[in-house]
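Heads up, the thing below is written out as structure tokens.
Every number here is computed from the coordinates shown, using simple stated rules; none is lab data. Predicted model only: the values in this text are computed from it and were never measured. Note that each Cβ is placed from the backbone with ideal geometry, even for glycine, and that neighbours are counted across all protein chains shown.
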Amino acid sequence: MKNEDLVGVWRERGREIVRADGSLTADVARASQIMYSPDGYMAVVNTPIARKPVAETVARMDLDATTPEQRAAAVLGVVAYAGRFEVTGEQVRHSIFTAVNPNRVGDTQVRHITLAGDDLTLTSPPDSRGNHFRIHWRRAAKM
């Protein structure tokens, strides 16, 4: 597999936790989109569905005009990061340049790739208990 195979915009179709014993647990429904550019950049935004709207005094993209409580509730469960990507064999490496979670800046996330036409599955390495996470995507657009 190569970088070009992932280039485009992908929308999430679902996700699950695969337990060490092989059992599956569906994760929280999310509105997610990941993009891979032809020149090796990537970005992902992943938000739980049905978040409550916040009170705003002005129309803006950040949450700086909200209360600390509204801000905390609005970002609970949100994953957003961007950086570079590289496909090697059946894996993609996301090298993180910026992220909602500041602890992830500079990290590299490795995911196993399963690609069948316009369906993509990204699978995390197993955690210390042998569980791993799978996200299913469908191609929304090619670049």
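Ordered by packing density, taken as the mean number of other Cβ atoms within 10 Å over each peptide's residues, highest first, how do 84-90, 112-118 rank?
On the way: 84-90: 14.9, 112-118: 12.6.
Output ranking for 84-90, 112-118: 84-90, 112-118.
What distance in nm lies between label points placed 7 Å from Cα along the C-beta direction at ALA31 and VAL45?
Distance between the two pseudo-spin positions: 0.9 nm.
Compute the separation of the alpha-carbon centres of the stretch 69-143 and the stretch 35-55 and state it in Å as a whole number.
That distance is 11 Å.
Based only on other Cβ atoms within 10 Å, what is the fewest-to-most ordering of ASP64, ASP107? Present the calculation step by step, with values, prior to reporting the outcome.
Working: ASP64 9, ASP107 13.
Least to most surrounded, the residues fall as ASP64, ASP107.
Considering the Cα positions of the stretch 9-138, please state its Rg to one decimal place and its Dmax as a whole number of Å.
16.1, 50
Considering the convex hull of the alpha carbon atoms of the stretch 9-56, report its projected area averaged over all viewing directions, in nm², one decimal. Numbers along the way, then the final one.
On the way: hull surface 22.5 nm².
Its average projected convex-hull area is 5.6 nm².
Could you give the size of the charge dipole of the stretch 3-141 about its Cα centre, using +1 on the Cβ of each K and R and -1 on the Cβ of each D and E, expressed in debye and rounded to the nearest 20? It would help to have the intermediate numbers written out before the result.
Details: 17 positive and 17 negative charges, 62 e Å.
Roughly 300 debye, rounded to the nearest 20.
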